[in-house]
Structures are given as C-alpha cells and as structure tokens.
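**Student:** Could you have a look at this structure, given as structure tokens, before my questions?
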Amino acid sequence: MEIPSKYNPAKTEKKWYDLWMEKGFFRSEPDHREPYCIVIPPPNVTGVLHMGHMLNNTIQDVLVRRARMQGKNACWLPGTDHASIATEAKVVAKLKDKGIDKSEISREEFLEHAWEWKKQHGDIILEQLKKLGASCDWHRTKFTMDKEMHESVIGVFIDLYNKGLIYRGVRMVNWDPKALTALSDEEVIHKEVQSKLYYIRYKVEGTEDEWVTIATTRPETILGDTAVCVNPEDERFRNLKGKRVLVPLVNRSVPVIEDDYVDREFGTGCLKITPAHDINDYEIGIRHKLKSIDIFNNDGTLSKEAELYIGKDRFIARDEIVVELREKGHLVKIEDYVNKIGFSERTDEMIEPKLSLQWFLKMGELAKPALDVVINDTINFFPKKFKNTYRHWMENVRDWCISRQLWWGQRIPVYYLPDNEMIVAKSKEEAYEIAKSKFNLPDLKIEEIKQDEDVLDTWFSSWLWPISVFDGIRHPDNKDINYYYPTDDLITAPEILFFWVARMIIAGLEYRKDIPFKNVYLTGIVRDKLGRKMSKSLGNSPDPIKLMNKFGADGVRVGMLLTSPAGNDLPFDEILCEQGRNFSNKIWNALRLVKGWKVDENLEQSQSSEVSVDWFKAKLNSCLKVLDDQFLKYRISDALMLVYKLIWDDFCSWYLEMIKPAYQQPIDRKTLDETIIFFEKLMKVLHPFMPFITEEIWHQLKEREENNCIMISEIPVRERINHKIPEQFENAKQVIIAVRNLRNEKNIQNKESIRLFIKKNYEEEPDTTFDNLVAKLCNISDIAYVDDKVEGAMSFIVKSTEFYIPISDSVDVNAEIKKLKEELNYTRGFLNSVRKKLGNERFVNNAPEKVVVLEQKKQADAEAKIKVIEAQITALRNS
C-alpha cells in the first residue's frame, strides 16, 4: 500500500467511523462477558457541543474503548434530556418570531410546536459527538420523554406519593420571573454583586417625632412589610418593646417584635420583616404568626397588594421608591454594599423569593443512605476532596421542590375532581375509574376531571437515568437492568454533584437497593488562558466543530486531555490542539519511515538491533504497568502523557534511530517484524485516546481483513522482561549524548569516524551490552577498554567511568581545563547539598529507606566523579 505523505484527518475519521457503525462495533447486548457500562450525562436537547462536552465525552470514550479492548462487554448508553426550562424558552422565542404568543394558544398546540422543535434540533449534539469519535451504542439512544421513560417517571411519582414522601404545600420557593417557574435550591447560582444599602426610617406609632431606622438592600419590599424586628438582647431598642411602627409610604401599622435571628452588628440592628419575599423573614413570620403580603406578580412586576407602583417592574419600582422616600423624609442615607444574590442557573434572572403552592419531595430520610455509601467508599469519588462537599449538602438537605410552572415536561399525575378532591393516577382514565369507585360518584363525567397544570422538575426525570434507560422501573427484573446495573463509571461536572449525582444515588438505593455506579470522576471547568470560564457571553469559547476541522478529532482529544487532571480546572489553549495534531504527524512520519525500509531476507539481525529490541520491549512493558495503575486511579491526563512520551521520545526519537539501517541499506526481517509488533502495541495503547489515526495506522502496518479493526483488538498485557536492560541503556544514552555534544563543540562532523577509549574505575567490570549501538549512533570506528588514562585525548565522565576520544593538536588545552573546573565546582556543590541532607538526622530517620539509599548512591557517584575530574585536570596540565 502506498502511504500518503501527509495524514488527512477529515478523510480518515469519516471512513473509520462509518465502518465502525456499519459493523456494529459499538453495539452491546448482555452475554457471558464481564460488563462495563457508562451512561452518558444526557445533554439538553437545546444544546450544541461546547468545550465542557468535549472534555467530558472524550474521557468517557477513553474509558469505554479501553474496557472494550480489555475484553469487557462495553456499553456506553447515549441520550438527551428534555430540559423543561431551556426548551420551553426556545420554543416560546421561536413562536414569538412567528408573531405567536404562548398565552394565545392551548397547551396541546404549544406541545405540538415543542415536539416539532425537538424533532428538528434534538439530535444535533449527538451527531456532533459522533465527529468526536464517541463509541456509544446509538441503538440504545434514549430521550427523557420517551414513552417508557415517561411511564417510569410517572410511576415513581405515584409510588413516592403513596409512601407519603411527596406532598403539596405553600412554601417559600425560588421564583424565576423570566422563566415564570419555581426552581429548586440547587438551580440557584449565588453571585457576589455590588449593591446599595438603604437606611430608611419608620415612625413609631403614636409619637410626635420618634423614629426607628432599618437597613435594607431592597427598599421596594417595604410595601410588603408586616413587622420590624430587633434582637431581645439589644439594649438600644428596649424602649420599642410592645410598640408599633408605621411602614413608610403606605402607613401600615406593624408590630415591633423580638427574635434571636437578628444580627445586632448588621445595619442598625433593626430588621424589616417581609414574610412573603425573604426566606428568613418567612420563617420569622411563621414563628410570630405574621401576615404575609405578596407584592409581586409572577413576572416580577408589583401586584395590586403592593398598593403603590402597581404593574411596574421591581427594579424600576426600586428606583422610583427611593426618590419618593427621600422626598418624604424617610431616606436617611445610602451606602455601597457587597452581597450575594441568587440568580437562575438557566436564565440568569435574579431570583425572587416567593410564597407559592408547589409539590415537594421529602429528602431527609432518603438522603442518609445516599450519604453513607459515599462516605464509606462504596461509591468512590475522584478526586476525593468532593466527598466533603457532598457530605455538607447531604447533611443539610432541604425538601426538593419538584413542580415547575411550565408546559413542556412530565405533567404531574394528579387529578382534581369538581369538589377539589385529589387523585394520583397514571392517566385521566385511571383517575376517573378511581374517583367513581372511591368517592361513589356514578354520575361523574371524565371531562369534569382536571389534571394538575404543572410539570415535574427535569431532574425528576434524569435522577432515574441509570435505571430507566434499562427500563428497570417498569420491569425491575429484565435482562438489561440485571446485567448492566450498577454501571461502572460516571463522568460528570462538580456543579451538578447535587442536581444529579446525589439524586441518582438516592433513586438507585430506593428502587434497586443498590448504588447506580461504582466510581464518579468529576472533571474540572474548561477555562481560557486568563482563567475565565468559557461562555458565549464572553466570546471566549471556541467552536469544537471548527477545532476538529482544523486539528482533527484526535488532535483536539489530545489537547483536551493533556492538562485535565480530575477535579481541577482545564486552562485551555488552542496550542494544545496543535500539539495533538503535531503528535499525529509525528506518528504518521514514523509509519512512513518504517514502511519505507527495504528488507533483506538473508540478513542476520545485528547485536545492536537485538539489544535495542530488548530495551524497547522492557520500556514498553514497564510503561504498561504504570498505565494500568494510572487508570485505576483515574489519572487520565497522566496516562496520556505517559503514552505520548513513550511514543514520541522512546519509540520515535530513540528506538527507530537505534534500529534504522544505514542510508539506502536494507533492514533484516527479524528486526522489522519485531518493530511492526511494537508499532501495533503502541497503537493499541494509544487507541482509546486517539481512535482515528490508530485505526488508520493499524491497517497501514500490514494487510488485514476489513473486520480486523484495532478498536476490537486486545489491549497489550505485560510480559516478562529483562529488568536490567533499561538501566544499561540509560548509561549508554548518556554516553551517546556526551559524544554527540563533544562532536558539536569541536565541530567534528558526524561522517568523520572517531575512536573511543573507556576506563573503568573502582574495579568495575565493563558492560559491553550497548557498545555496538553506541558505535553505530556515534560513528565510532573502534571502542577499546583501557587501564590507564589516554594522553592527548578529550574526555568526559558518565558516573565514575572515564571516556576518551583522541583529538588533534588544535584543541585549546586551557579552555578544556576551564570547562573541567566548572564541572568540578558544580559537582562539589552538588556533593555538599547531598552531604547536608544525609547529615540531617531527622531526614535519615524519617525518610523511606530507599530514599536514603538513593541519596547515599548520589554521594558515592559524586565523590567518584570529583576524583576522576581532578585526575583529568592534572593530566591536561602535564600534557
């Protein structure tokens, strides 16, 4: 086969991905093999591929491909999430562009538009993942609103309701005025913002000129005040006990109450209480039986209950009320103030705490078992530091608000009779039958039954994901759930540790009595060179598709992984992808070199090639051992770097140079065959990281059947090796580098052969293992071992062995002595640092024995080297 001069990723990637799909290599069905399963964190149907997806899915693909090559039955199950808030917003915007307002159409008409939108856009991100090389079992693709998935969610709601764990009530919720829905605590992002602290005075009722000053960041909410509160221990406000004050502008008379919650150091130490619009005020209001006045409409405008500024946006009302407070003598002063404010994770709208009738899931008794399995390492977190974050959340968990005021999503399966009696059922028809029998209503018409208008939180679907994708809720004993569950690894981001990971653990323990996954690998956040999180608004996030078109999918995968240790942020730079592309080119050039060699079938393998093969075999196998350990510890970035250096440094830069035949000379069959085997093994080890180029090279290395693909081959396993040879080669490598440096310094051309004399010291025996290789790579005509120093020769030292190269009279002896003195001074300084360390009794007593032995060896080597250098200086002076 003729090998193209340049590697073409675009042509290669499509060719091999199409073949893998055609041959069904990604498919998985239960069988006798050990399963390995990952369920994809389902991206939103609204989504397109971003850098976070690239990192997350590259790591998943690495693990899945490696498991497949280890002989496991690997199943990577893909799918998408219906994303209620995000999708509804997209559909509403699309309708608006057509001149259609959501409020003007029926729920059924809206859902038709939503399903049409999903049909057009919902699979975009999955198709983009294919370009990345994702080896998912696409036949198993799920969507959280598929029929069987929907039935699973509804069944779980009914089950939890019947267990008394789901209830409906008026509670303080996080309200998103833009999305017009309640949010759970985990969907609120708290940001530090520059605010204002307004000092406002309230007149004490029944007095001529007695005032109380409070401090607030939200002056518009005074319209909903129903009390003023002080700390019972605060002596400053003893005179206010039992009195009432008048709320500015509306002149509402409210009591002065006492509560330990009030921080005497904040503001004036006097707190306005607005039970309808602050969670802490709400709880104080419950304790003191205060009235709640909801002054906001759902869209964040002021309601008629506010009495003033009705219909105006809350922020406009704030500006105007400040003006009026100042005009009427109520505004004392304004200060700059930094505080944390909650924003919607989806819309970035400032959250409005609001009393609302919602559905909740009791989390207290469900959370404890889910905490235990993480703390006792039944489920392992990588990195471990997130265990404490998880513990804190699970020990302080609140009931989960699971209802959303939207149309797109899993509609809550609660039905109301004309008398407001409530029935929980799978369908309207089932509710109708239950109503007739349970409440003895033979004349009831099905049209009179009304379903709850709200839908369930999207996370109430995805918390069942590892179970529902295998239909384990509806059919808890089917072959898929029994085979693949629990899954092996979950790869996700720390920011959804509570949204999703914790809840999946809860659901798994509740419905399978088992954990949903064994390991959780938490990726970092992809940031730009300035440390900023990548986002559309900042314009600092590159288009992954364009990156792959420019650098190839393999290049981008390498770029993403090179600096992405678990749990640590990834400082992404496009130059990393360029490094990945350069690596592809390096491997391709190595292929062209090897395949370009002519073979002489009658040529015997040289001794230098034989030991070179032995060395690389040992190097490869030692790396396989480290690689196994790194994968066990989920050190994916380190694993890639190990393979990268093994290929670039050891194979391409050293091994191929060591066995390369002379110019226009043939290579022997045995060395070439062994080199091809090494190349194949390296491509197998690299395949999980760079699937496309490794598949192409696999088929270029030798003729193979089309079905004989690297992705379904067996990953190399460790073999017995000569453990002595790596160290022998390291010594030889130092000699080769020293000779090449000396040639360079003395302008001795490589084509000019030289002689090398070696003097062993301290009764060491000569090791000639790599002498022929040194001679080959350094163009040395003769290597001889001598007992005495060689006069009139240049020299260098490796450890305690002296090397001499005869040189001409043109060499500057004084310059050589100067250089040796510099080396002598450096070595003496190094020896002093080692002696200082070994003279430290604390170090010697506490350091591991092998560390101390290593330092002692450094001392002995340095002492020997000093003696040799001193002798060389003396010899040069006498020459």
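The values are calculated or read from the model by the stated rules, or taken from the named source; none is laboratory data. Note that the coordinates shown come from a computational prediction; the quantities given were computed from them, not determined experimentally. In this analysis, Cβ positions are derived from the backbone assuming ideal geometry, glycine residues included, and neighbour counts consider all displayed protein chains. Areas reflect the complete protein model, heavy atoms only, side chains present, ligands, DNA and RNA absent. Shrake-Rupley method; radii C 1.70, N 1.55, O 1.52, S 1.80 Å.
**Student:** Tally the residues that are open to solvent by 40 Å² or more (accessible area, probe 1.4 Å), within 22 Å of GLU657 (Cβ to Cβ), at pLDDT 90 or above and among the polar types (S, T, N, Q), restricting the search to the stretch 702-732.
**Tutor:** 1
**Student:** Could you tell me which of the residues VAL245, VAL332 is in contact (Cβ under 8 Å) with a residue 12 or more places away in the chain, of a type outside the set (S, T, N, Q), touching a strand residue (DSSP E or B) at 6+ places or on another chain (Cβ under 8 Å) and open to solvent by 70 Å² or more (accessible area, probe 1.4 Å)?
**Tutor:** It is VAL332.
**Student:** Select from the stretch 270-285 the residues that are touching a Pro at 6+ places or on another chain (Cβ under 8 Å) and not in a loop (DSSP other than H, G, I, E, B) and write down the one among them that is most open to solvent (accessible area, probe 1.4 Å).
**Tutor:** Out of the qualifying residues, it is ILE279.
**Student:** What are the residues in the stretch 528-555 that are open to solvent by 60 Å² or more (accessible area, probe 1.4 Å) and either touching a Pro at 6+ places or on another chain (Cβ under 7 Å) or within 26 Å of TYR644 (Cβ to Cβ) (or both), if any?
**Tutor:** LYS529, ASP543, LYS546, ASN549, LYS550
**Student:** For ARG68, are the conditions met, namely being charged (D, E, K, R) and under 30 Å from PHE631 (Cα atoms)?
**Tutor:** yes
**Student:** Quick one: in the stretch 379-432, of everything that is small (Gly, Ala, Ser) and in contact with a helix residue (DSSP H, G or I) (Cβ under 7 Å, 6 or more places away or on another chain), which residue is surrounded by the most Cβ atoms within 10 Å (Cβ to Cβ)?
**Tutor:** Per the criteria, the residue is GLY409.
**Student:** Just a yes or no: is a residue in the stretch 733-742 farther than 23 Å from SER608 by Cα, out of contact with any Asp or Glu (no Cβ under 9 Å at 6 or more places or on another chain) and exposed (fewer than 13 other Cβ atoms within 10 Å of the Cβ)?
**Tutor:** Taking every residue of the stretch 733-742 in turn, none turns out to be farther than 23 Å from SER608 by Cα, out of contact with any Asp or Glu (no Cβ under 9 Å at 6 or more places or on another chain) and exposed (fewer than 13 other Cβ atoms within 10 Å of the Cβ).
**Student:** Does the stretch 335-354 hold any residues that are open to solvent by 70 Å² or more (accessible area, probe 1.4 Å), assigned to a loop (DSSP other than H, G, I, E, B) and farther than 13 Å from HIS190 by Cβ, and which are they?
**Tutor:** Selection gives ARG346 alone.
**Student:** Return the pair list, or none, for Cβ contacts closer than 7 Å from residues in the stretch 302-318 that are within 14 Å of HIS277 (Cβ to Cβ) and in contact (Cβ under 8 Å) with a residue 60 or more places away in the chain to residues that are open to solvent by less than 50 Å² (accessible area, probe 1.4 Å) and among the basic types (Lys, Arg), at least 6 apart or on different chains.
**Tutor:** LEU302/ARG314
**Student:** Listed residues LEU357, LEU361, LEU366; which is open to solvent by 50 Å² or more (accessible area, probe 1.4 Å), among the aliphatic types (A, V, I, L, M) and within 25 Å of ASP457 (Cβ to Cβ)?
**Tutor:** LEU357
**Student:** Here's a follow-up. Run GLY224 past the list (1) open to solvent by 40 Å² or more (accessible area, probe 1.4 Å); (2) closer than 23 Å to PHE296 by Cα and report the number of the one that doesn't hold.
**Tutor:** Looking at each condition in turn, GLY224 falls short on (1).
**Student:** Still on this model: Where in the stretch 668-754 are there helices (runs of 4 or more DSSP H), lying fully within it, with 2 or more residues that are in contact with a Pro (Cβ under 8 Å, 6 or more places away or on another chain) and under 20 Å from VAL626 (Cα atoms)?
**Tutor:** Hits in the stretch 668-754: 669-686.
**Student:** Could you tell me whether the stretch 832-846 includes any residue that is part of a loop (DSSP other than H, G, I, E, B), free of Cβ contacts under 8 Å to residues at least 24 places away in the same chain and either in contact with a strand residue (DSSP E or B) (Cβ under 9 Å, 6 or more places away or on another chain) or not aromatic (Phe, Trp, Tyr) (or both)?
**Tutor:** Within the stretch 832-846 (the criterion being part of a loop (DSSP other than H, G, I, E, B), free of Cβ contacts under 8 Å to residues at least 24 places away in the same chain and either in contact with a strand residue (DSSP E or B) (Cβ under 9 Å, 6 or more places away or on another chain) or not aromatic (Phe, Trp, Tyr) (or both)), the answer is yes, since at least one residue qualifies.
**Student:** To continue, here is another question. Which residue pairs have Cβ atoms under 6 Å apart, sit 6 or more places apart or on different chains, and have a first residue in the stretch 733-753 that is touching a residue at least 24 places away in the same chain (Cβ under 8 Å) and a second that is surrounded by fewer than 14 Cβ atoms within 10 Å (Cβ to Cβ)?
**Tutor:** Partner pairs satisfying both residue conditions: SER753/SER781.
**Student:** Being closer than 18 Å to THR207 by Cα and of a type in the set (Phe, Trp, Tyr) is the requirement here; does PHE237 meet it?
**Tutor:** yes
**Student:** Okay, moving on. Looking at the structure I just gave you, is LYS821 touching a helix residue (DSSP H, G or I) at 6+ places or on another chain (Cβ under 9 Å), surrounded by 15 or more Cβ atoms within 10 Å (Cβ to Cβ) and part of a helix (DSSP H, G or I)?
**Tutor:** No; evaluated as a whole, the condition is false for this residue.
**Student:** Which one is surrounded by the fewest Cβ atoms within 10 Å (Cβ to Cβ), of the residues in the stretch 248-269 that are hydrophobic (A, V, I, L, M, F, W, C) and under 16 Å from ASP281 (Cα atoms)?
**Tutor:** Top of the filtered list is PHE266.
**Student:** Is there a residue being open to solvent by less than 40 Å² (accessible area, probe 1.4 Å), among the aliphatic types (A, V, I, L, M) and either farther than 24 Å from PHE460 by Cβ or touching a Lys or Arg at 6+ places or on another chain (Cβ under 7 Å) (or both) anywhere in the stretch 109-131?
**Tutor:** yes
**Student:** Confirm whether LYS241 is under 52 Å from the mean Cα position of the chain (by Cα), modelled with pLDDT under 95 and among the basic types (Lys, Arg).
**Tutor:** Considered against the rule, which asks whether it is under 52 Å from the mean Cα position of the chain (by Cα), modelled with pLDDT under 95 and among the basic types (Lys, Arg), LYS241 comes out as no.
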